[in-house]
Every structure is written in C-alpha cells, then in structure tokens.
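Where a number appears in this text, it was derived from the coordinates with a stated rule and is not lab data. Here the structure is a predicted model, which means the values were calculated and not measured. Here Cβ is always computed from backbone atoms with ideal geometry, including for glycine, and neighbour counts include all displayed protein chains.
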Amino acid sequence: MDALISRWHRELELFSGIKPLLILEGNVLDQYRYPVAGSVSQDELVSLSRYLLAYFTDNGWHNVVFYSNLVGFMNPWAPEMVTRFSRLSGGEMKNGVIPAEFKGNDAGTAPNLIRKALFQQEDATVVVMELASHYMTSPDRMDQRDVNAFNLLLQGALSARSVRTPQGARPNVLVILVNKTNDLPVWFYLDNPVSKVITLEVPDREERKRLFTRSFASFVDPTVYRTDMPYYREHPDDLSRLQEKLVALTEGLTFTELDEMRRLSRSEAAHIRDLASVVDLYKYGVKENPWTSLSMASLRTAKQDFEKRVKGQDTALERTLDVVKRAVTGMNGLSSSSTAKPKGVLFYAGPTGVGKTETAKALAEKLFGDESACVRFDMSEYGQSHSDQKLMGAPPGYVGYESGGQLTNAVKKNPFCILLFDEIEKAHPTILDKFLQILEDGRMTDGQGNTVYFSETIIIFTSNLGIYVQDAFGNRHANVTMDMDYDTVAKNIRSAIEDYFKLELGRPEILNRIGENIVVFDYIRQEAGEAILKAQVKKIVTRMAEQKDIRVTIPDEAYEQLKAAALADLSNGGRGVGNQVEALLINPLSRWLFDHEVLEHAAVTIDAFETEARPAALKCHVDGQEGGGQDE
C-alpha cells in the first residue's frame, strides 16, 4: 500500500503532527485519489480540499474548516464543523458559513478568528486557507492591512497549541494553499521554525504508470474493451509497450487532465491500439500526428534534396538529419528523465549567408510538406527586459493580455512545426530562462493560463557567435577565417560559444540543454560558391522562360566572366553570391530588356558581362535579329 502514496502525502503525514503551519504549493488546483481506505473512495477523484478533510479527520483531528476570502469559513461536506469552529473562535455564523474579511486586525477578521482557533485546546482544529495566492495584489505591494493580516496568522502559528485526542496529541494546524510560495510575503515563511513548505507536483512517471496499469480498462469504451482485449491477453508484451508509450506521452499532465483524457477516449470509442492518438487529440485537437505519417522513402533522399537548396554543408546536413532520424525512430530523449521534450534541438552556428535559415526551411518542407511550417522569430526584436511578454504572452491585467504571445500563439495554431530563433544571442536573458523551461519540460503556460506543448516541434537556434571575439581591451578580432579548414573553424566557433554562455553570460545550464547539438556551418568555399551560382542562374533562366517566354542563353565565355566577378569575394557566403547575381545579371538584364522593348516571346543571348562598369552592364543580342543592343 505504501507504494501508492505520493511523496507530498508522505510529507503531510510526517509534518502534520509537528508543524502548526503547512504551506502547500504547486499543483493545488488538481484533483487527487485518496490513497488509503477511509472516508473517501480510493477510486474517486476529489479536490485537494476534500482530500485534506479526509486525511485530517481520518488521523484524529476533530474539526476542519475551509476559508475563502470571498465566502468566509465553511465546510460543505461537514457543516457541523463550522458550528464548532464558531464556538471555538467566536466567529458569527450566517447561513451555514462564518463571513470574515481577510485584511486588517479587527476582532472579526479571518486572521484573528484563526489565531483564536489555533490557541484553544478544546478541539484539534485545522484551518485550510484556499486560493491564498489571490488574497492580495502582490507581496511586493502590501499595504498595512495586508501586513497586519499576515502578522496575525504568523502569531497564531507561533502560539498554536496541541490537543489530546484518542489517537494522541494533535497540534492545531493552519494549512495555506498557494500556486507558488512567493505569492506569500517572504518574511512569513522564510526561517520560520514552525512552518513547512510541501510541494505538490504533477503526477510522476510511477503514478502515471500505476494509473495506466491498474485502471487501464477505464480508458476504453466497454464494448471496445471486450472486443480488443482478447488479443492483448494473448500478447501481454504488446499491451505493456502500449502502456509505457502512454506513460511517456502524458508527462506533465495533471490528474484532472488525465481523467479528462480518459473520458475523451471513451467518448471517441478509441480502439486500444489507437490510444496514443487520443493523447494527441487531447493535447493538440488533432487525431493525425504528422510525425507518424512521415514517408521513410522521402527521408532516405533527404540529404540529396537538401543539397539542392544548401550547398557545401555536408557535415551540417548530416548532423541535422541525425536529429530528425532520432525523432522519427522515437529515440530522442532516451537518455533524459523527461519524455516530453521537443522532438529535437539544434544550434546552428557559423558565418553569415552560409545556409542556416535555408536548412531550417528545407527541413520544414521535408517533414511537414510546406516550408511555412518553419516559424521564424528574429530575436533582435526581443532584446528588452519585457520582451518575454511579447513572445510568451502578457499576464492578466497587462497590456496585450488578450492577444496572447507570438510564440505561444504560433505553437497553439500549429504544434507540428520548426521553431527558428534567429540570432539568439540578441535576446534578453529573461527569454533565455523561458527557453530553459521549454527545452527541459517541453511545455509552458502562457499569460492566459493555457498550457502550450512543444513536444512535437523541432527547435532551431541560429547564431553568429564565434565569428569574432573580443580581446581584453574590447577590440573585436576575427576568430575564424576562410583560409582555415572546416575542423579548425568548427573547433574555434564551438569554443567561443562555450565561453559566451559560461563566462560572458554566466548561463552554462543553457549550453547543457543544447548538449552536443551545436552544428557549425562552414564558409562557402569555391566549389560550393560555383554550385550556388549555377543554381541561381538556372533558376533565373527557367523563370524567364516560364513567365515571359524569354529564353536566355549565356555562352561559356560570358558565364566565366560572371563567375569570376560573382565569386571574387565569398566572405558574405551564399547571400553574397545572390547579391552579386542581382547586381551583375538581374539588374542589367532587366535594364537591357526594357531599353530594347523585349518584354516577351524572344530568345536573348548574353554575349558579355561588363562587370567593371558602374552600374554593371551586359552585351546582348536577340537571336534572329541583326546586331544587338548594349546597355549604357
């Protein structure tokens, strides 16, 4: 039986007999199954207040009342206890409750009534203060009436007395339920010898495993269960694997959410083999998970497909596809205690214009059929301390609360996507804290209180860190250059990134979450530059033919002129090559076509590129015509 008892319940058993002030924080809004035979059925989900009533009355306390600053003192399950509390505290009953304001130090306020009840020795009494996180605006903005109220509670806890019962001495106890401890004044609980903080976590792996093994039948429609279960009785290993998968997929869900998922599964009459899809339906509102429908044949040609868009980055593409293969085979996160992490995390580093963003877009197209599934965030826009609200959503009462956060809205709209965070080093450190939670837990709560899941996304950070470094005098120096080989470039950049997070930023934990997934892109070397140029020229020629029926021919001699000029400086990477193509080919060709009124249905040959001219010019002729025109 002990194995069924959660950690927080064990702490409650240990400290309720010796500490008169218990602060329960965390998952206090959830519902729970009472773990021992007593006044509540072990199969019934009950609120935390009902759970505490059962625990204290089963263990010798005579009197348990609940306080809400909206209603006062009450006990909907045992109203006679409110009557006894009225007698013990001097509070006046009205319609079965004892109305009492929280603030102030008047005789009839809740803290004064609680102090009297804790000091008496007639009945072992417990007062549970519900939703205590909402009693005041903020611990940092307390007025004197707030201070007086908490001082009275503190005095009551410090002077609380014990009462003899048939089960032994029981202290009068004040239990405060809060979302998080710092919703209370720090001086109220810090270094307080009579207080104990007990944290209620969401169900851990063992609790979820017990649920899916002991109560498995309750997740399946009875008719479906009778039809499907004979197979699983004959194949118990298949059932065990299915249950383990459900345990992994439901990490982070509360007992209430698990119960809602159970009811959804039954209402959908889901077959046992399809229970994993019910988790997706509950989390994301979709039955079909794109990850499960990926074409293995398509993934086998992924590297060749990527190389059509990204040139000269063999190592970076291989590292990227390793992460995808781990996700597809279900091996991501095997070495971690959390199974709800994102499908993959990549940190793209390297010089500008070498294909980092293009790789992310190509990955989105390969995985989800559309590069728009790559959602890009320019982190230079989130450099202020309040920027986390723009990204994650403002809290209630603040400007922009109704619109939500840009990131959380994007993931709620499409939970199956690539999240690309460009130039992550430009984000404010408060945003990096949010990323820590996402990378570790795979979920976060937005400003509107909705849980957003990131467990079906791939997260990619890009950065230019490590290209330049600062010396002791603050001067910037090149850390990598094009004359270095790739291994040296990768080593220098990785070392600079580690120094940034560990020494400059002082956040090595962020680096630890990224792990070995730092992917360094190489400089665009001559061979890759030639491939990029050839691909871009081919695209221009093809589109001219398709859209305008203008067939452009570039003889080898003229193409060599273009290549020599476009690839003279590769320091700006593929983007620099694209800029040169625009300056040397697109602009002068459009000028020549306009000046010579060649707008459609023609065959044009480029005889020469005058790359030294300002602006650059072309010598062309229209096939089938005498002479030709020259750009001025």
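Tabulated values for the structure
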| quantity | calculated |
| --- | --- |
| Whole-Å semi-axes of the ellipsoid equivalent to the chain (Cα gyration tensor, √5λ, descending) | 65, 29, 21 |
| By average C-beta atoms within 10 angstrom, highest first, the peptides 410-417, 189-196 | 410-417, 189-196 |
| Antiparallel bridge percentage (DSSP; both residues within region 296-520; nearest 5) | 25 percent |
| Residue-averaged [θ]222 nm for the chain, counting only DSSP H segments that reach four residues, each worth -39500 (n - 2.57) | -12500 deg cm²/dmol |
| Whether region 415-565 is rounded, prolate or oblate, judged on the alpha carbon gyration tensor where a/c under 1.5 counts as rounded | oblate |
| Within straight-line cross-link reach of Lys491, lysines at Cα separation under 17 Å, skipping those fewer than 8 residues along the same chain | Lys502 |
| The chain: antiparallel DSSP beta bridges as a percent of all, rounded to 5 | 40 percent |
| Protection-proxy order for peptides 569-576, 124-131, each taking the mean of Cβ atoms within 10 Å per residue, highest first | 124-131, 569-576 |
| Bridge type composition, region 2-200 - antiparallel percent by DSSP, nearest 5 | 40 percent |
| Leu346 long-range amide H proximity, modeled H, under 5 Å | Ile459, Ile460, Phe461 |
| Most to least packed among 65-76, 255-266 [average Cβ atoms within 10 Å] | 65-76, 255-266 |
